[in-house]
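Everything on this sheet refers to the single structure shown next.
The values are calculated or read from the model by the stated rules, or taken from the named source; none is laboratory data. None of these values were measured; they are calculated from a predicted model. Neighbour counts run over all protein chains shown; Cβ positions are idealised from the backbone, glycine included.
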């Protein structure tokens, strides 16, 4: 089984992040905010942002690794064909990995519910 997080599943360029953040819908959870937009392709793509308010680089990178791992393993159960940007809140830096995984699952459920209710 391939354990990588391939480039075609990532949002990588600033204009793509800005498009999702500017035109997308929001879903909130305890530790994260998810901004999502139906994508052009068939694959679901994800990007992660953390600010310096989260903490030093070690802490920000830890949070980003956890988010990418939850997405890669399918724990978020996002619908196909959307672009999503996950923004970490300050409380994420002080939480255990298990709580962050559970919160990302909750966020994924909310995103799925919001996309199913769209006309």
* Asked: If you check residue 47 against the conditions, is it surrounded by fewer than 16 Cβ atoms within 10 Å (Cβ to Cβ), touching a helix residue (DSSP H, G or I) at 6+ places or on another chain (Cβ under 6 Å), at negative phi and in contact (Cβ under 8 Å) with a residue 24 or more places away in the chain?
  -> no
* Specify the residue that is surrounded by the fewest Cβ atoms within 10 Å (Cβ to Cβ); the eligible residues are those in region 88-99 that are over 20 Å from residue 45 (Cβ atoms) and touching a strand residue (DSSP E or B) at 6+ places or on another chain (Cβ under 8 Å). => 89
* Structure fact -> Condition set closer than 19 Å to residue 77 by Cβ and more than 12 Å from the chain's Cα centre (by Cα), scope region 7-27, selection surrounded by the fewest Cβ atoms within 10 Å (Cβ to Cβ): answer is 25
* Asked: What residue, of 80, 109, 68, 30, is in a helix (DSSP H, G or I) and over 11 Å from the mean Cα position of the chain (by Cα)?
  -> 109
* Structure fact -> Screening 20, 85 for residues that are part of a helix (DSSP H, G or I) and in contact with a strand residue (DSSP E or B) (Cβ under 9 Å, 6 or more places away or on another chain) leaves only 20
* **Per-region count, region 62-86, residues under 15 Å from residue 33 (Cβ atoms) and modelled with pLDDT under 85** => 1
